[in-house]
Amino acid sequence: WVRGTRNGDMRDSPEESPEEQDRDEGSSPSDAKPDVTWLGTPISELGRMPDCGQQLPRLKNVSGQHTVLIRTDLLQNGKVPVPYPAKFTDTWDDVHVKMPWSGMNLFPVINEVMVLEPDAAEHLFGSLLPDMVQLALRASELCTKPIPLLKGGMNHSITMSQEQVASLLANAFFCSFPRRNSRKTEYLNYPDINFFRLFEGASPKKIEKLKTLMCYFKSVTEQRPTGLVTFTRKSLDRPPNWKSSQSQLTKLHITCEGTIEDDGYGMLQVDFANQFVGGGVIGSGLVQEEIRFLINPELIVSRLFTEALGHKECLIITGTQQYSSYTGYAQSYKWGGSHQDSTPRDGWQRKCTEIVAIDALQFRSFLEQFHPARINRELNKAYCGFARPGERSQNLSAVATGNWGCGVFGGDTRLKALLQMLAAAEAGRDVAYFTFGDSQLMTDVHNMHAFLTARNISVGEVYDLLGQYYSSVCKSCLSRRPDVSLYSFIYQQVSSSLAPDASDN
């Protein structure tokens, strides 16, 4: 389980698809390779961390804003972070995670689940499973500070060590978190965290998932990880006035080859998320979001404390490490062996991998997504994920993204590409867009971007054109698709508005 080094591609999903969806998010690669594989700005000219970033402030606890679970004064590169405080603080309330080792836990599942016959464990995994047991049992000495729940409407960050994350995930593997095996509790609006659904049935997909996760546990039990990871829930208090925006489109690199996680290294990488972050990662789901959470398993711990995302919220995770490679997608997904992540670390000892979870709307009909209210929602959601108020544009990495919400969620690829370009422009970020094999989409989006850029069409003007398209084209279509496509409409309207008036002759 620790050999091989190939990678695949990604997309988004609902939390649990009844059966595995068709390959989605425009990620159906063509057998024939196109002559041109990318268009626009060379990807080498787009900003990446840490090169474009500014120096980080000192890491510290900030009441109501940032909870740090380690001794910041002892943080050193290559050294295992020291938990803070020194002794476990027992908390059992509605604003913090309820821990298995709390004295108030009435569900003594740890002792029941973790009693293992050494011979059986050796037979199954050698020393791995016993090592995972010890990692889980160390949680009370590693995670000594109460972990706040990231509830809806909050703007709050949690920074913890990779070792603390590993111990929490070991507990999730052994299904020890109390009151989390049913959604009929106070955690109704939270993702599940215990891995019990991953052990149900004998699905080949779940076998591949377990291979991927066991690769992670093998790594963290053989060598203690030394970095930090930050989870930030962000709420958008004041959405932009899209109609009046004078922002111009930023640079675009668009390609039908490559992947967000590989070619978008050092950029803000978009997780095409479910509102319950991680989607079906520990269930039956196995598409874009689930795959990313499997190869970077530290993302999974966000499910322990992140309430479902609202319409103007996102979750930003900085510092997770990729432990596995993979091939295939959905039904064809295969664990591809261990991955050596060479991503540099920032001043807080986090891997310079920043992933933003933004959930797209799911549309029952094609026309629904062009309604102004739906356009506003998707623009605000993307902008929430991309914007960093107070930071200069030159210090922001590019956004690495793709066909967000365009598979089973029903989104139109060309509309979603345009909306993300508008949100990125308003946030002051360039864009690296991966079409996952769709060369025609690559060409169409590039041509639209070049057309608008050459004519200095602002974000507000494009937004107005979207409204015109809905009112003059979509409204009269009833249930059928419009005869005039969105891009054709934009070309026609802009060209006619810029054409010389015949009366001037």
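Nothing in this text is a laboratory measurement; each read-out follows from the coordinates by a stated rule. Since the structure is predicted, the reported quantities are computational estimates derived from the model, not experimental observations. Don't worry about glycine lacking a Cβ; one is built from the backbone with ideal geometry, like all the others, and counts go over all protein chains shown.
What the table shows:
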item: 13 Å beta-carbon shell around Thr453, net charge (K/R +1, D/E -1); result: 0
item: For segment 247-395, size of Cβ-based charge dipole, Lys and Arg +1, Asp and Glu -1, in debye; result: 280 debye
item: Inter-label distance, nm, simple model (7 Å from Cα along the C-beta direction), Asn447/Ser472; result: 2.1 nm
item: Peptides 444-450, 61-67, 410-416, 470-476 ordered by average Cβ neighbours within 10 Å, highest first; result: 410-416, 444-450, 470-476, 61-67
item: log10 of Debye I(q)/I(0), alpha-carbon scatterers only, for the chain at 0.06, 0.09, 0.10, 0.12 Å⁻¹; result: -0.28, -0.62, -0.76, -1.08
item: GluC sites (Glu not before Pro), loop per DSSP, at most 15 other Cβ atoms within 10 Å - longest free stretch of the chain; result: 201-390
item: Folded to 0 to 90 degrees: helix 439-454 orientation relative to the chain principal axis, Cα; result: 60 degrees
item: Förster radius 41 Å - calculated FRET efficiency between Asp94 and Ser393 (Cβ-Cβ, nearest 0.05); result: 0.55
item: Dipole-positive endmost among Gly390, Asn155, Ala86 within the chain (Cβ charges, Cα centre); result: Ala86
item: Charge dipole of the chain about the Cα centre (unit charges at C-beta), most positive-ward option of Leu252, Leu135, His446; result: Leu135
item: Asn77 versus Ala202: modelled label distance in nm, points set 7 Å from Cα along the beta carbon direction; result: 5.1 nm
item: Förster-model FRET efficiency, 56 Å R0, Gln440 and Ser140, C-beta, rounded to 0.05; result: 0.50
item: Antiparallel bridge percentage (DSSP; both residues within segment 61-498; nearest 5); result: 55 percent
item: Size of charge dipole - the chain - debye, nearest 20, with Cβ of Lys, Arg +1 and Asp, Glu -1, no other charges; result: 1000 debye
item: Anchor Lys145: lysines whose Cα lies under 25 Å away (excluding residues fewer than 8 positions away in-chain); result: Lys60, Lys79, Lys87, Lys98, Lys234, Lys351
item: Tail weight of P(r) past 28 Å, computed on alpha-carbon pairs of segment 346-505, percent; result: 25 percent
item: Principal-axis tilt of helix 486-498 within the chain, Cα atoms, nearest 10 degrees; result: 40 degrees
item: Distant-in-sequence amide H partners of Ala432 (H built 1.01 Å from N, under 5 Å); result: His253, Val399, Ala400, Thr401
item: Three-way shape call for segment 400-448 based on the alpha-carbon gyration tensor, with the a/c threshold at 1.5; result: oblate
item: Helix-only mean residue ellipticity at 222 nm for the chain, each DSSP H run of n ≥ 4 adding -39500 (n - 2.57), per residue, nearest 500; result: -8500 deg cm²/dmol
item: With Cα atoms, 0 to 90° folded angle of helix 162-173 axis to the chain main axis; result: 80 degrees
item: Sorted by Cβ neighbour density within 10 Å, fewest at the top, the residues Trp348, Trp101, Trp335; result: Trp101, Trp348, Trp335
